[in-house]
Amino acid sequence: MTFQGRNFNVIQDFTQAELNYLIDFAIHLKQLKQKRIPHHYLEGQTIALLFDKTSTRTRSAFTVAAQDLGAHAEFMGAGDVQFGKKESDKDSAIVFGSMFDGIQLRVSKQETVDTFCEYAGVPIWNGMTNDWHPTQMLADFMTIKEVYGSLAEQSLVYLGDGRNNVAHSLMIMGAIMGVSVTIASPEALAPASEVLAEAQVLAQATGAKIRHLENPLEAVADASVLYTDVWVSMGEEAQFQERIQQLMPYQVNQELVQHCQKPYIFLHCLPAFHDSSTQIGAEIKHKYGLEAMEVMDDVFESPEAYQFQQAENRLHTIKAVMAVTNGNLFIPDLA
Amino acid sequence: MAYINQLIQDAQKYLMNTYQPLPLLPNKGIESRLYTEDGSVYIDFLAGISVNNLGYSNKHVQKALHSAVDHLIHTSNYFYIPSQVKAAQLLVEQSFADKVFFSNSGAEANEGALKIARRKAYQQYGPQKNEVIAFTHAFHGRTLATMNMTDNASYREGYGPHPEGFTFVPYNDVKAFSESISERTAAVILEPIQGEGGVHVAHDDFMVALRELTQRFDAALIFDEVQTSMGRTGKLFAYEHWGIEPDIMTLAKALANGVPIGAILAKSDYAEVLTPGSHGTTFGGNPLATSAAVSVMEVMLNEDIPALAAKRGDYLRTGLQRLAQDQPLIQEIRGKGLLIGVELKQAGAAIVQAMLERGFIINCTQGNVLRFLPPLIIREAEIDAMLAALSEVMAKISGQGSHTE
């Protein structure tokens, strides 16, 4: 299994064995961290963290992961990097690649990451684009594996906007890992048919069932993982009212989870509008009379909720990705 | 669905009936995936019959083509064409050859290669040195001359009289070959790995004998690398596996990743027999095709696509070998890189059909050899998915077989 020098761009670039390795390695790194055992695989390296929009978990995870691995992380935001405005992505990639040992990008356009992968000459880590969210997938599936001990036989149901990067990534990841994924959303917010079709083809290797359902109650019936995400993605804030109307039936609340016929866990990639304690949450309450949006407190604060473990796992999984692609580790073939 | 039904009817009405297309209508391709108008996706292990080696929608090739379209699609060979010169330079630098002639297709390139070989033999030894040796299971094209080097009698039936001087010798049979070649032989043509003929790989001793005997009798050794080339076998050109250089090599298919093109590459003593007016083509080497060819070569070299093909080929072959361990349908696995044949103990058409229903385009040649020719950028996860489907399909089919016995 060769990871050294590879990019971590989209999930499809990796096999089930490789993704399992990354998850297991992340679990190992988590234990090292808890026992305070040093793991400076990237000693002396400097990595770039390039963002064209704000980020809490991804930035924190990459920064701390770099620190734990003995590398220095340099953050650059939208004001520091051109992202095609004054300098082409290709030129930026060549320049950054000539100075840094690895580059994380969290940018709107997937093409920007693709271009960096092509020209930077150092490992590129896709921290999220409008199309894909691959590092989130590792953290999500690591969490499922930690809770259940195995990914086999798991069935994940995502409720909400099925067109977004998380929903799409979940379908592909599930297909490769053998975890059935149901996207529950109204038809207007159904996943892209191309991604659904691609996931269904890839799922033949594993027997996972990948499907889209409109009925949320039917969707959650045999779920072992309930997953939701913000209803209004970054940049779509003007569409709050329409989205609330469309997605209210998909809210994860006590009424919905009562339709789960077996034990489940709840996941959320955060931030979550689960109460009115945030500024936007308060505005929503004032404007629409809603206490919460995609998830109610009664689920978010329940013993079934693992979103904070999931958030912490961003660190360990991202560290695993950085270490294997840039740390010259010995990784035996596990075929 | 109504649209495709209408299209099928119109095709039957207006097109000559030479192919029997599948009732699918692909309208978009990305990397190894083909999307049809009804939203289905297929992982393509046929890649336009070994044409789309860089996958669908390769950005470099698209960019080169856009630029050519914007500037000049065609002039003619009455003018200098920079991309034609550049493509030739890249091919010469990467191969044994000294000169290149661009044509429109593989068959046209093979015809041209024969013309060169016969003209050289004629000029040096006279008209009696004109014979051409080809091999069993060979496929070199369907034009009036090349079909005489294509070992399928049905392809020739009813098209006579045929040009004279063509002989077939068993592939990989050193003795038969040594008994067939003579002072009258002008050319020996073979595919280093036969594609259409069932993915047979030339044996090392056979290759050595070919080179020695063609040199002794001063006959042109022509490698038809139309299907094996542009990285598919794990090397840019398949002949590199044997360390033996031909005198002439023909290319097409993947050379421009989908834009029709062919090429004859030759050492200078062969290339020099062509002089102004002695051979030609209207479209061959035009700006559109050669711009694409240049971009393909750049990607091949910059991204070391042949090495990727070798790696992904090993991955696919290992998976197929694992499948063969408990799958009695499989007789033999052959090939190099991502040109792989799986010979079955029975006909393969039902497997091809069942795989198509599961979203995988594979191909069967010679009736019982499954042929895998995916884009060289195929992902390992896609290979895993295909292997899983193939395993199920074969289990089902071999299970059915045992019931009927």
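The values are calculated or read from the model by the stated rules, or taken from the named source; none is laboratory data. The structure displayed is predicted, hence computed values, not measured ones. Note that each Cβ is placed from the backbone with ideal geometry, even for glycine, and that neighbours are counted across all protein chains shown. Note: areas computed on protein heavy atoms with side chains; ligands, DNA, RNA excluded. Shrake-Rupley method; radii C 1.70, N 1.55, O 1.52, S 1.80 Å.
List of remarks:
- For B:P374: the one exception among (1) open to solvent by 10 Å² or more (accessible area, probe 1.4 Å); (2) touching a residue at least 40 places away in the same chain (Cβ under 8 Å); (3) within 14 Å of chain A (Cβ to nearest Cβ): (1)
- Residues that are on the phi > 0 side of the Ramachandran plot and out of contact with any helix residue (DSSP H, G or I) (no Cβ under 6 Å at 6 or more places or on another chain) occur in segment A:4-18; there is at least one.
- With respect to the conditions (1) modelled with pLDDT under 85; (2) part of a strand (DSSP E or B), A:F240 falls short on a single one, namely (2).
- Residue in segment B:273-286 that is within 30 Å of B:R334 (Cβ to Cβ) and open to solvent by 20 Å² or more (accessible area, probe 1.4 Å) present: no
- Residue match in segment A:17-32 (condition: within 14 Å of chain B (Cβ to nearest Cβ) and among the acidic types (D, E)): yes
- Conditions (1) in a helix (DSSP H, G or I); (2) farther than 19 Å from A:V324 by Cβ; (3) in contact with a strand residue (DSSP E or B) (Cβ under 9 Å, 6 or more places away or on another chain); (4) touching a residue at least 40 places away in the same chain (Cβ under 8 Å); number of the one not met by A:C117: (2)
Yes/no per residue for (1) open to solvent by 20 Å² or more (accessible area, probe 1.4 Å); (2) closer than 29 Å to A:N9 by Cα; (3) within 13 Å of another protein chain (Cβ to nearest Cβ); (4) of a type in the set (A, V, I, L, M, F, W, C):
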{"position": "B:L338", "(1), (2), (3), (4)": "no, yes, no, yes"}
{"position": "B:A347", "(1), (2), (3), (4)": "yes, no, no, yes"}
{"position": "B:I351", "(1), (2), (3), (4)": "no, no, no, yes"}
{"position": "B:M394", "(1), (2), (3), (4)": "no, no, no, yes"}
{"position": "B:S398", "(1), (2), (3), (4)": "yes, no, no, no"}
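- Residues of segment B:312-336 classified as open to solvent by less than 70 Å² (accessible area, probe 1.4 Å), closer than 13 Å to B:S391 by Cβ and without any contact (Cβ under 8 Å) to a residue 40 or more places away in the chain, total: 1
- Entry remark, segment B:122-156: residues being within 16 Å of B:R184 (Cβ to Cβ) and in a loop (DSSP other than H, G, I, E, B) number 5 in total.
- Among the conditions (1) β-branched (V, I, T); (2) farther than 30 Å from A:I47 by Cα; (3) surrounded by fewer than 21 Cβ atoms within 10 Å (Cβ to Cβ), the only one that A:V295 does not satisfy is (3).
- Of all residue pairs spaced 6 or more apart or on separate chains, those with beta-carbon atoms under 7 Å, a first member in segment A:179-194 that is more than 14 Å from chain B (Cβ to nearest Cβ) and a second member that is among the aliphatic types (A, V, I, L, M) and open to solvent by 20 Å² or more (accessible area, probe 1.4 Å) are A:T182/A:L213; A:A184/A:L213.
- All of B:A64, B:A68 fail the test of being more than 14 Å from chain A (Cβ to nearest Cβ), among the aliphatic types (A, V, I, L, M) and open to solvent by less than 20 Å² (accessible area, probe 1.4 Å), apart from B:A68.
- Segment B:91-142 - residue that is more than 23 Å from the chain's Cα centre (by Cα) and among the aromatic types (F, W, Y) and, of those, most open to solvent (accessible area, probe 1.4 Å): B:Y122
- For the residues A:G5, A:G44, the requirement of being within 14 Å of chain B (Cβ to nearest Cβ), open to solvent by 10 Å² or more (accessible area, probe 1.4 Å), assigned to a loop (DSSP other than H, G, I, E, B) and farther than 26 Å from A:Q309 by Cβ singles out A:G5.
- Meets criteria (touching a residue at least 24 places away in the same chain (Cβ under 8 Å) and closer than 28 Å to B:V51 by Cα) for B:A121: no
- Unique match (being over 21 Å from the mean Cα position of the chain (by Cα) and not in a loop (DSSP other than H, G, I, E, B)) among A:K33, A:K85: A:K33
- Residues being at pLDDT below 95, in a loop (DSSP other than H, G, I, E, B) and either within 11 Å of chain A (Cβ to nearest Cβ) or open to solvent by 50 Å² or more (accessible area, probe 1.4 Å) (or both) - total across segment B:25-49: 4
- Helices (runs of 4 or more DSSP H) fully within segment B:174-292 that include at least 2 residues being touching a strand residue (DSSP E or B) at 6+ places or on another chain (Cβ under 9 Å) and closer than 18 Å to B:F96 by Cβ: B:204-216, B:268-271.
- Candidates A:H39, A:H28 - the one that is touching a Leu at 6+ places or on another chain (Cβ under 6 Å) and either outside the structural domain of A:P271 (by the TED database) or surrounded by fewer than 19 Cβ atoms within 10 Å (Cβ to Cβ) (or both): A:H39
- Look at (1) over 17 Å from A:Q4 (Cα atoms); (2) surrounded by 14 or more Cβ atoms within 10 Å (Cβ to Cβ) and you find that A:V122 fails only one, number (1).
- Just one of the listed residues (B:I397, B:I340, B:I351, B:I333) is outside any loop (DSSP other than H, G, I, E, B) and touching a Cys at 6+ places or on another chain (Cβ under 9 Å), namely B:I351.
- Considering A:I284, A:I265, A:I318, the condition of being more than 23 Å from A:Q31 (Cα to Cα) and of a type in the set (V, I, T) is satisfied by A:I284 alone.
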